[in-house]
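Bear in mind these aren't lab numbers, they're just calculated from the coordinates by the rules spelled out. These numbers were taken from a predicted model, which means no experiment stands behind them. Because the Cβ atoms are built from the backbone with ideal geometry, glycine has one as well, and the counts that use them run over all protein chains shown.
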Amino acid sequence: MSPTPTTNLVPEGKVIKVRDVNAFNPEYDAVIADWSRLALLYEGGSAIKQQAPQFLVKRPKELPEVYQARCSQFSYHNILGTCFGWYEAALFKSPPIVALSQMDGTISKPMPLDEATESFYNNFRGNCDRKRTSLVDLTRDLWSNLALYSCGYILVDLPPKVADGAAPKSLLEQKQTGVLDKSGKPVPHLVSYSPINVINWSLDSYGILEWAVLRTQEIRGAFLEKRQVVDVWLYFDREQYVRYERVRKDSSETGWKDTDDDQPVTIVDSGPHALSASKIVPLQRFDVPSALWLANRAYLPIVDHLNADNTYGWALFMANLAMPVIISDSEMAPTLTEAGFIRLSAGSSYEWSEPKGTSFQHAAKRVEELRQESYRLMYLIYQGRTANATADGTSGTSKEMDMMPAQDVMNEFGDVIVAATQRILDLVAAARGDDNVRAHVRGMKFGKTATLEQIQKTEAVLSLAIPSETFTKEVYKQAAAEFLPDANPEMLTTITAEIEKAPSIQKQLTAMSQAQQDQYQTALEGSVAGYVKTPPTPIAKSPPVEKKTLKVVNN
C-alpha cells in the first residue's frame, strides 16, 4: 500500500470522526488483549489487583459473594517484574559504547567531529528526549518493550517551532527556542512508545513501515481550571504527519473503552516531519524473535501460578476460619461466640469442617513447581531455586551452569540493543542533515572476553613461524575478533582491511633489522667524522729571568 498523500488526510469540508482515525490493524486487534494482561502482570501491585477478575478463574456455579470475597483477597507474586529487573540490571551494567566520527569526503577516512557537532551529540546522549533522559535510559525502556511485547517504537521528532505554535520570526528566535542549535541545524529528540499506543500501520513488500497511527491521551488544564482529557492521534508517513485531537465531554473518563465513534475529531497540525528529506517514517519499529519474547514464554505458567497461589491461599484462609458442624437429632439454634460455651442435648456431637491436609501439600507443591517453571522458561534457572535446594544445586559449578542460558540470552539482547542504538543515531544524523557523521556502537557482550589461555594460544601459533603470509594474517584477524567481541561489523571490516594492507611479519622483521643496521651505520659514521687529529698545543715558554747581582756593602 502506498503512503496516503497529505491532501487526502486534511480534506476540506469533510467531517472526520473518531471511527476514521481509531481503526485497528488486524494484527493489533489480535494481540491487544494479551498485551494488556502482560502489562498488568509486569506492573503488579494495585494495578493488577484492580483488575483481579481478569485473572482469577471463577469456579462453576460459584456464588457471586464468594467470588467477590476471593477477589478482595487477591495476591500476586510479581515473577515477571522480578525477572525483567534482573535482566535489565545485568544488561545495562555495562551500557553500549558509542564513538562518533566525521567522514572526510576527499579521502574517505574517519575524522574527529567539529566542535559544534560534537557539542550536540554529547548533549544528546545525556538528554535525548528534552526531559533529561539519557540515550542509555531510553534504550532501557525500549528493551522492556521488546521483552514484554516483542516489539517497541522510537519516534524521531523535532520540537515545535516556538511555544505558541506561530511561525518563527528570525533565525535567532529559532536558536533561542531550541529549534536550531548554534550551528543552525535542527535539534531532534526521541520519544519511546509502547506498541499498545501504535494502533494501525501498513508495511511495504520489504516489511518496512509505509505509514503508522499513534494514539495517546493528554490531560490538560491550568491551575484552578477544569481539566480536559484530550485524545490524540498522530499519523506519520514517509513525508508528512497529521495531528488529530478530540476533547472528551466527561473529563473523568480515561482509557479507550468508550470512544464515542461518532464524535468528530479536529486536525490541529500537519506538515513535513523530521525525516521527510530521507523519505523515512519517523516512527521506527524494533522487533525481537519469538525466542527472546520472554513475557510470552512464561505468560500462561505465570497466570496458572497466580490462580494456584490464590486458591491455595484462600483454602488456608478458610481452613483457619473453619465452620462448626453440630450432629444432633434435636432442633437447636446454638449461639457461638469467641468466649462462651455451647450447650448440646445428650447424644449430640460438635465438630469442625476442615479439608484433609494432603490437599494442602499437593497445592503447595504445585505452586512451587509453577514458580520454578516460570523462571526456567525465562532462562533464569538459578533465580528460581528455593532455599531448600540440594547441595548439588547450590554448588558454585551448578550456579555457573545454571547461568549459562541467561548469559547467552543477554548476548542476543546485547546485539539487538547495539544495533538499535546504531540505527537510532543514524536516524538522528539524518534528521539533522549530518550526512558525513558515522556512529560506531559496540559493547554489551557477556562472558566472551579473551582469556589468558587464548592469548597464549595465539602467541604459540605465531611462534611456529609458519612460512605463509596468508595464514599469519588470518590468525591476526581471528585474534582481533576474539579480543574485540563487541566491535560492530564496520569496525571489524576496518581492522581486517588494515591487517591485509600491513606488511607480513617477515617483511616487518627485515625492515626492523635494516633500520637497526642503518641506525648503527649512521652512528658509526658520525663518531668517525667527529674524531679529527689535531697537533698538540705547544707549551708557552716562560719569559727569561733576569739575573741580579747582590752587592754587599761593608760598613
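For the stretch 222-276, pairs of C-alpha atoms spaced more than 13 angstrom apart make up 66 percent of the total. The stretch between Met111 and Thr510 holds 140.4 nm of extra length on full extension. This uses 0.36 nm per residue minus the Cα-Cα distance. Listing Glu525, Glu210 from fewest to most neighbouring C-beta atoms within 10 Å gives Glu525, Glu210. Ordering Arg220, Arg140 from the fewest to the most neighbouring beta carbons within 10 Å gives Arg220, Arg140.
The fewest-to-most ranking of Met111, Met444 by surrounding Cβ atoms within 10 Å reads Met111, Met444. The share of Cα pairs per 5 Å bin across the stretch 81-150, counted from zero up to the longest distance, runs 3, 13, 18, 17, 15, 12, 9, 7, 3, 1, 0 percent. Of interest is the spacing of the C-alpha centroids, which for the stretch 295-311 and the stretch 169-232 amounts to 37 Å.
Distance from the C-alpha centroid of the stretch 405-434 to that of the stretch 113-146: 13 Å, rounded to the whole angstrom.
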